Amino acid sequence: MARTPSASLRACALLLAWTAQAQQQLLVNLLPADSPALHRQFLYFQVSFSEWLTTRTAGKPTAEAADLNRKAAAVFGMKEADHKQMETISSAIGRELRAIDQEQIVHINGRARYEQHPVPSVLRQLETRREEAVSRGMAQLQRTLPPDAWNALRSYINGTYRNGIRVK
C-alpha cells in the first residue's frame, strides 16, 4: 500500500518536531548543572548584568534606584544585601576573567604580527588561570553567602540561567 502525501507530510512533521525537541534538549545539556563551564559563563554574564544595573540606577532618585536593586535581587531569589554581596564577588571574578581574556588577545595578536602561532603552553596557562578564578569565585560565593542565598543563586544558575543559554 502506497503512502498518501498527507501521511508523508505528517511523518515529516513528526520527525521535524522530534528533531527540534532533541536539539533543544541537547543545547540545554551542553553545559551540565554545576559545571565549571556553566559557572564561568554565569560570571561573565554577572559582570555585564552588574554594569547594566549600575548604569540604570545612576542618576535615578534613591527610591527608584532602590526599587530596581530590589527587583534585581528578586530575579536571583535573594535579599538585597545578599545580592549586593554576590554582585561584588562575582563582578570581581568576572573582571579577572576579562583581564585574562585580554592577555590572551594581546598574546595572539603579538604572535600574529610576526606570522607565528600562539604558544600552546601560554594558552594552557591562561586557561588554567581562568579555571582557578572560576573555582575560587564560586567557592567564595558559597563561603560568603548565607545558605538560603547560596541555594537561591545555585538554583538560578542551574535553572533559569542554564535554560536560557542558546547555542547558535
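Just so you know, all these numbers are worked out from the coordinates, no wet-lab data involved. A quick note: this is a predicted structure, and the numbers were derived from the prediction, not measured. A quick note on method: Cβ atoms are made from the backbone with ideal geometry, for glycine too, and the neighbour counts reach across all protein chains shown.
Find all pairs meeting these conditions: Cβ atoms under 9 angstrom apart; at least six residues apart or on different chains; first residue within region 102-127 and touching a residue at least 12 places away in the same chain (Cβ under 8 Å); second residue surrounded by 14 or more Cβ atoms within 10 Å (Cβ to Cβ) and assigned to a loop (DSSP other than H, G, I, E, B). Hits for this filter: GLN104/PRO118; HIS107/PRO118. Cβ-Cβ contacts under 8 Å between residues 6 or more apart (or on different chains), taken from a first residue in region 141-164 that is within 16 Å of PRO32 (Cα to Cα) to a second residue that is of a type in the set (Val, Ile, Thr), are listed as TYR156/VAL75; ARG162/VAL28; ASN163/VAL28. The combined condition, being in a loop (DSSP other than H, G, I, E, B), small (Gly, Ala, Ser), in contact (Cβ under 8 Å) with a residue 60 or more places away in the chain and closer than 18 Å to SER50 by Cα, is not fulfilled by GLY137. The set of residues from region 70-92 being out of contact with any Leu (no Cβ under 7 Å at 6 or more places or on another chain), part of a helix (DSSP H, G or I) and either surrounded by fewer than 18 Cβ atoms within 10 Å (Cβ to Cβ) or not small (Gly, Ala, Ser) (or both) comprises ARG70, LYS71, ALA74, VAL75, GLU80, ALA81, HIS83, LYS84, GLU87, THR88, ALA92. Contact map, region 55-81: residues that are closer than 18 Å to ASN151 by Cα paired with residues that are part of a helix (DSSP H, G or I) and among the polar types (S, T, N, Q), Cβ distance under 7 Å, separation 6+ or inter-chain. Pairs shown: GLY77/SER155; GLU80/ASN69. Residues in region 116-136 that are among the hydrophobic types (A, V, I, L, M, F, W, C) and within 19 Å of MET86 (Cα to Cα): ALA133, VAL134.
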